[in-house]
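Q: Quick one: this structure, given as structure tokens, is what I'll be asking you about.
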Amino acid sequence: MNRSRAIIVMAASSAAVAASQDDAARFTSEERRLIAQHVAQPMPSDPTNRFTDDPAAAHLGQYLFYDTRFSSNGEVSCATCHDPAKGFSDGKQVGEGVGTLTRHSQSLWNAAANHWFFWDGRADSLWAQALQPMEHPLEADGSRLAIAHAVHDDPALRQAYERIFGSMPGLDDAARFPAAGRPALSADDESHEPLHRAWASMASEDQAAVNRLFVNLAKAIAAYERRLVSTDSPFDRFARDLQQGVPSSQLSLTAQRGLKLFIGRANCRLCHAGANFTDGEFHLTGVPPLGGGPLHDAGRYDGARLVQNDPFNAPGPFSDDPDGRASRRVRFLRRSPEQWGQFKTPGLRHVAESPPYMHQGQFESLEAVVRFYSTLEGARSGGHHREAFFQPLNLSEEEVADLVAFLESLTGARLPEHLLRQPVSPIPTDW
Amino acid sequence: MTRAVRLIGVLGLLAVGACRPDTAAPRSQSAEDPTPTPAPIEGESIETFDGTFEITYRTDPAPIPLSELFDIDVEVRTATDGVPVSDDAELAVDGRMPHHRHGMNTTPRITRNGSGRFRVEGMAFHMSGRWELSFDVTRDGITERALVVVMLE
């Protein structure tokens, strides 16, 4: 308190000191305490993936991330929907792989910080998430057997795989390992039945070997995605200056006012909490679905059941930490009707890079998002389930612009170019 | 973090001559009873609203973290004589944010852990703000509640 008063006196007596630099006086001690909660933190570890920090695994994972060979039409890779040039999203309302999906492609910035993955949280680790798009009929539309054969038959991929994970199973034996196949998915249609039959024809120990191979590839992809970390945003620089009591020009005045609103009367911090601006949990915002009408996507209500039944979850046989924290989160997870229509709070770092916004990309700009929360116009109630703490904010035009300016300040440094494209070889050059 | 804690009126108990057994002394163990008595809980003590039960609890970790699983050790005793309740008493524990009209995203599991002792596993308070942590003791078909306000900031 005394220090703030002293700075005010200095500003009053020094004509050269601009008011915009007088930051320690502009934020109360409570505001500074709340701001400190949002400062960037290192990515948490993922004990369920013992390769999560393995550079060779991350290199292989990067190679796979940008590779379209594993899709049924040879045109879809992870980067199709998670394009580094578009904030690791795709600029579309809903994703388009081999087919058209029903939800927006999420950004991968700081993905490793999540507890739950997908809008409905139906996966509980970065690697368990990576498995699903590879086989989903509307995304890459691949199958674990076809992917296993593709890796096995490419000498560089096989070498890269075996140096990290050990010998591959005997995939040359076509009787034991059909060319394509996987278990049935709820999204399948009749055309995928040959895949189910091929999988069902296998011996269980051969299925287990292919599953393990499939999981290893996903763990490599997760090791790469873990590197997509935001650093050095103007907000973080400002927060550091504030903490040190140093005058700061890192945030414009309008962004500073937006920050005050974010942690203050706009209450964004209730859900967009902490270092990644997400509580990692699920809420019903009542955003109207594309095409209008009532809410029809069950969201977390389905996701909670799916993650508990996922064979690739943290308590399961492919996890490297079946008794750890992630496992406990799944084992104690509640499934209740309250969860119907809830979607995961997205993180906000680099949010300005990836319009449109919300679970179906309903809003084309950050301004549209802020206006929605300001008026709640068009918000659907999920019966009695909409979040009770949502009230219209009734922001002024200036306040809308201030919040948008603050959100834009969460965009940090560009990643090095060599992390954003397929490497020349899946084998790192320093081997 | 502040908590609303209702303490037992110890002086009041002494005034009515209540006798509290020394719970720090382990009960004697026979060859037929290999289960060790758990050590008494050092934690917060609160009373149910109608004054029938005294509840002592300690969270693990303490203080309660934001958005991470935590457990609670609980001891329930009859308030008049301080005797731990026996197995005919049930305990239920819940956490809610009344201003948000929602509860937790986890379903905790409660197991007995000795006379009047319970272990609650798998609690999680996933948002900052005002939570109400409730302990419901049911005996002879009657439920009494004790409530603690927990501010996560």
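Q: Taking the Cα centre of the protein assembly as shown as origin and charging only Cβ (+1 Lys, Arg; -1 Asp, Glu), how large is the dipole, in debye to the nearest 20? It would help to have the intermediate numbers written out before the result.
A: Values: 57 positive and 77 negative charges, 219 e Å.
Computed charge dipole of the protein assembly as shown: roughly 1060 debye.
Q: Now for a different question. Of A:259, A:289, B:49, which is farthest along the charge dipole of the protein assembly as shown in the positive direction, counting Lys and Arg as +1 and Asp and Glu as -1 at C-beta?
A: A:259
Q: Follow-up. Roughly how crowded by other chains is peptide A:268-274, in terms of the mean Cβ count from those chains within 10 Å of each of its Cβ atoms? Write out the running numbers ahead of the final one.
A: On the way: counts 0, 2, 4, 2, 0, 5, 3.
Per residue, the number of nearby Cβ atoms from other chains is 2 on average.
Q: Starting from the Cα gyration tensor of the range A:280-431, take the square roots of the eigenvalues, sort them a ≥ b ≥ c, and report rounded, prolate or oblate (rounded when a/c is under 1.5, otherwise prolate if a/b is larger than b/c, else oblate).
A: Working: a/c = 2.37, a/b = 1.19, b/c = 2.00.
It comes out oblate by the Cα gyration axes.
Q: Which residues belonging to the range A:309-329 lose at least 30 Å² of 1.4 Å-probe accessible area when the assembly is complete, relative to their chain isolated?
A: Buried-area filter returns A:325, A:328, A:329.
Q: Nearest 500 deg cm²/dmol is fine: what mean residue ellipticity at 222 nm does the protein assembly as shown get from its DSSP H runs of n ≥ 4 alone, each adding -39,500 (n - 2.57), divided by its residue count? Please report the intermediate quantities before stating the final value.
A: Values: 17 runs with 166 residues, N = 584.
Mean residue ellipticity, 222 nm, calculated: -8500 deg cm²/dmol.
Q: Which residues' amide hydrogens lie under 5 Å from the amide hydrogen of residue B:53, considering only partners 5 or more residues apart or on another chain, with H built in the peptide plane?
A: Under 5 Å from the amide H of residue B:53 lie the amide H atoms of B:48, B:79, each far enough along the sequence or on another chain.
Q: Now for a separate question. Along the range A:419-429, what does the Karplus equation 6.51 cos²θ - 1.76 cosθ + 1.60 (θ = phi - 60°) give for ³J(HN,Hα), rounded to whole Hz, x for Gly and Pro?
A: After applying 6.51 cos²θ - 1.76 cosθ + 1.60, I find 8, 10, 8, 5, x, 4, 9, x, 9, x, 5 Hz.
Q: Let me ask another. Which one, A:298, B:137, A:186, projects farthest toward the positive side of the charge dipole computed for the protein assembly as shown from Cβ point charges (K/R +1, D/E -1)?
A: Going by the Cα projections, it comes out as B:137.
Q: Between A:155, A:346, A:322, which gets the highest mean-square fluctuation from a Gaussian network model of chain A, Cα cutoff 10 Å?
A: For chain A, modelled as a Gaussian network with Cα springs under 10 Å, the answer is A:155.
Q: Using the heavy atoms of the protein chains alone and a 1.4 angstrom probe, what is the accessible area of the protein assembly as shown per residue in square angstrom? Working shown, then result.
A: Details: 26210 Å² over 584 residues.
For the protein assembly as shown, the per-residue accessible area is 45 Å².
Q: What order do A:163, A:182 take when sorted by accessible area (1.4 Å probe), most exposed first? Write out the running numbers ahead of the final one.
A: On the way: A:163 140, A:182 0 Å².
These residues rank, largest area first, as A:163, A:182.
Q: Okay, moving on. Most fluctuating residue of A:317, A:133, A:355 in a GNM of chain A with Cα springs under 10 Å: which is it?
A: Ranking A:317, A:133, A:355 by mean-square fluctuation puts A:317 first.
Q: Which of A:328, A:269, A:371 moves the most in a Gaussian network model of chain A with Cα springs under 10 Å?
A: A:328
Q: With no solvent and one equal point scatterer placed on each C-alpha of the protein assembly as shown, evaluate the Debye formula and give log10 I(q)/I(0) for q = 0.08, 0.10, 0.12 Å⁻¹, two decimals.
A: After summing over all Cα pairs, the log10 values are -0.68, -0.98, -1.22.
Q: While we're looking at this one, here's another question. Residue A:279: net charge of surrounding residues, Cβ under 11 Å, Lys/Arg +1, Asp/Glu -1, itself excluded?
A: Values: positive: A:269, A:344; negative: A:281.
With Lys, Arg at +1 and Asp, Glu at -1, the neighbours total +1.
Q: List every residue whose amide H lies under 5 Å from the amide H of residue A:230, counting only residues 5 or more places away in sequence or on a different chain, with H placed 1.01 Å from N in the peptide plane.
A: Under 5 Å from the amide H of residue A:230: A:110.
Q: Ok, one more. What is the sum of charges around residue A:297, taking Lys and Arg as +1, Asp and Glu as -1, for the other residues whose C-beta is under 13 Å from the C-beta of residue A:297?
A: It works out to a net charge of +3.
Q: Follow-up. Express the carbon and sulfur contribution to the solvent-accessible surface of the protein assembly as shown as a percent, rounded to the nearest whole number, probe 1.4 angstrom.
A: 52
Q: What's the center-to-center distance, using Cα atoms, between the range A:272-287 and the range A:104-172 in Å?
A: Here the answer is 26 Å between Cα centres.
Q: Compute the signed sum of charges (Lys and Arg +1, Asp and Glu -1) over the other residues within less than 12 Å, Cβ to Cβ, of residue A:404.
A: Values: positive: A:257, A:371; negative: A:367, A:397, A:398, A:399, A:402, A:408.
Once all neighbours under 12 Å are counted, the net charge is -4.
Q: How big a patch of accessible area, both sides summed and in Å² to the nearest 100, lies buried between A and B at a 1.4 Å probe? Provide the component values of the computation, followed by the final result.
A: Values: alone 19510 and 8610 Å², together 26210 Å².
For A against B, buried area totals roughly 1900 Å².
Q: Using Cα atoms only, what is the angle between the long axis of helix A:204-225 and the major principal axis of chain A, expressed in degrees (0 to 90) to the nearest 10?
A: 30
The values are calculated or read from the model by the stated rules, or taken from the named source; none is laboratory data. What you see is a predicted model; the values in this text were computed from it and never measured. So basically every Cβ, Gly included, is an ideal-geometry build from the backbone, and we count neighbours across all protein chains shown. Quick note on the areas: whole protein, heavy atoms, side chains included, nothing else; ligands and nucleic acids left out. Shrake-Rupley method; radii C 1.70, N 1.55, O 1.52, S 1.80 Å.
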